[in-house]
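The values are calculated or read from the model by the stated rules, or taken from the named source; none is laboratory data. Everything numeric in this text was worked out from a predicted model, so none of it was measured. FYI the Cβ positions are ideal-geometry reconstructions off the backbone, even for glycines, and counts take in every protein chain you see.
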Amino acid sequence: MKTNVTSKFVAYLYSNFIGNFLGFIIGMASTKLVGNFFTTRSIKNLWGLTAKKTVVDKQTFHAFEWMIAIIIGFVVFEIISKWIKMKVDGLLPKYKATKWIVAAANENVDDAQKRVH
């Protein structure tokens, strides 16, 4: 029983951690994208008079950062969760140390199919 719970926990981490973590990291890094196109009023740009970028207030700037981070992070999460996970699953059975991950995932799929039928 304990090994079954442990293997399910590891399979869960394997399937979700990579997509969530990379989606979060890339989403946070994408906030720099907002800084490439927009700026806020500050003493560095003489309160917007010498700015070469579009000047927006601080609330709008932070709202843009959050929206971009969420959208790009979600897109990266979905790409990694679906596409790259399929590629990795195809490679895992080749290695003896990782065959148990694929076996546990196949058991979960078989159990789900039995419940449906």
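What number of residues within region 10-41 satisfy the criterion of being at pLDDT 75 or above and part of a helix (DSSP H, G or I)?
18
Restricting the first residue to region 46-61 and requiring it to be farther than 16 Å from Val34 by Cα, which pairs with a second residue that is aromatic (Phe, Trp, Tyr) and surrounded by 10 or more Cβ atoms within 10 Å (Cβ to Cβ) meet a Cβ separation below 8 Å and a spacing of at least six or different chains?
none
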